[in-house]
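The values are calculated or read from the model by the stated rules, or taken from the named source; none is laboratory data. Note that the structure is a prediction, hence the values are computed from the model and not measured. Every residue, glycine as well, gets a Cβ built from its backbone with ideal geometry; the counts of neighbours run over all protein chains shown. Just the protein is used for accessible areas: all its heavy atoms, side chains included, with ligands, DNA and RNA removed. Shrake-Rupley method; radii C 1.70, N 1.55, O 1.52, S 1.80 Å.
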Amino acid sequence: MKMSHIIILAIVALVTFPVMYVSMLIMKGNLKVVYNVPENSAAREQAVFGLLKQKQQKDSLVMSQSSTFRALQQQQAELQEERKHLAQEEQRIALLKDEMDKSGQELALKKKEIEVTVDTNKALEDKKIKQLAKVYGTMRAAEAAQILETLDDKLLTKILMNISDDRQKAKILGALSKEKAAAVSTQMGKLSSR
């Protein structure tokens, strides 16, 4: 590039910069070109008053927007706080749910243990009743009835139900008191109908 080109370029830049700067100020509204400036003071005052009024309107609009912006910021902060609170509650609920699940599993294990114990006890009870039925089934009916008379009706019924010899059952029932024999017979009827 020649020196003459550089000089021309510098002159063009110097001339166009102020023009561009002024046009930018006009476009932004920071500079106004006023034609026909009124010569009397009343018109001048009215123009100044109009400018002041416009400035007040802009200022009030800025204040209104500023208060709206602050209200929105406050509302956003409150929403953030509420979200944090909800997240904490969700964590607490998840922990409680985990604890309940663990408790439920522990209860299920305890229930199984109890069921096994009950089944074991029932099996042992059934075994003992069968042994007693075998013993009373081999005794003389009068002697067996004398002992069985002292037992409670449910146990007596279970023992008699497990005696395999029907004739021995009948002899023992015949040797029992009438009230005891009637109660046991009723219970035996209920159990055999199931």
Expected vector for segment 81-96, Karplus 3J(HN,Hα) from phi with 6.51, -1.76, 1.60 and θ = phi - 60°, integer Hz, x for Gly and Pro, equals 4, 5, 5, 4, 4, 5, 5, 5, 4, 5, 5, 5, 5, 5, 5, 4
Note to self: C-alpha centroids of segment 127-179 and segment 1-26 sit apart, in Å, by 130 Å
Helix-only [θ] at 222 nm, the chain, -39500 (n - 2.57) per DSSP H run of 4+, per residue, nearest 500, equals -31000 deg cm²/dmol
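Work out how much length PHE17 to MET139 would gain on full extension: take 0.36 nm times their residue separation and subtract the Cα-Cα distance, in nm to one decimal.
30.6 nm is the gain from fully extending PHE17 to MET139.
In this model, which of LYS110/LYS158; LYS128/LYS171; LYS154/LYS178; LYS111/LYS180; LYS122/LYS180 are farther than 27 Å apart at the alpha-carbon?
Correct reply: LYS110/LYS158; LYS111/LYS180.
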Which of (i) 8, 32, 35, 20, 4; (ii) 9, 38, 38, 13, 2, 0; (iii) 7, 14, 10, 8, 7, 7, 6, 6, 5, 5, 5, 6, 8, 6, 2 gives P(r) over Cα pairs in 10 Å bins from 0, in percent as computed here? It is (iii)
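Using a simple charge model, +1 on the beta-carbon of Lys and Arg, -1 on the beta-carbon of Asp and Glu, nothing else, what dipole does segment 77-140 show about its Cα centre, in debye to the nearest 20?
Its charge dipole is roughly 1060 debye.
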Per the rule of 0.36 nm per residue minus the C-alpha distance, extending LEU96 to ALA123 adds in nm 5.7 nm
In Å², rounded to a whole number, the accessible area per residue of segment 1-155 with probe 1.4 Å is 92 Å²
Once both label points are put 7 Å beyond Cα along the C-beta direction, the LYS111-LEU25 separation in nm becomes 8.7 nm
Which of GLY50, GLY104, GLY29 fluctuates most in a GNM of the chain (C-alpha springs under 10 Å)? That residue is GLY29
Taking protein heavy atoms only, a 1.4 Å probe, and rounding to whole percent, the accessible area of the chain owed to carbon and sulfur comes out at 61 percent
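Summing Lys, Arg as +1 and Asp, Glu as -1, what charge do residues with Cβ under 13 Å from the Cβ of ASP152 carry, ASP152 excluded? Provide the component values of the computation, followed by the final result.
Working: positive: LYS154, LYS158, LYS180; negative: GLU149, ASP153.
Around ASP152, the charge tally is +1.
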Placing each pseudo-label 7 Å from Cα in the direction of the beta carbon, LYS55 and GLU179 end up separated by a distance in nanometres of 11.7 nm
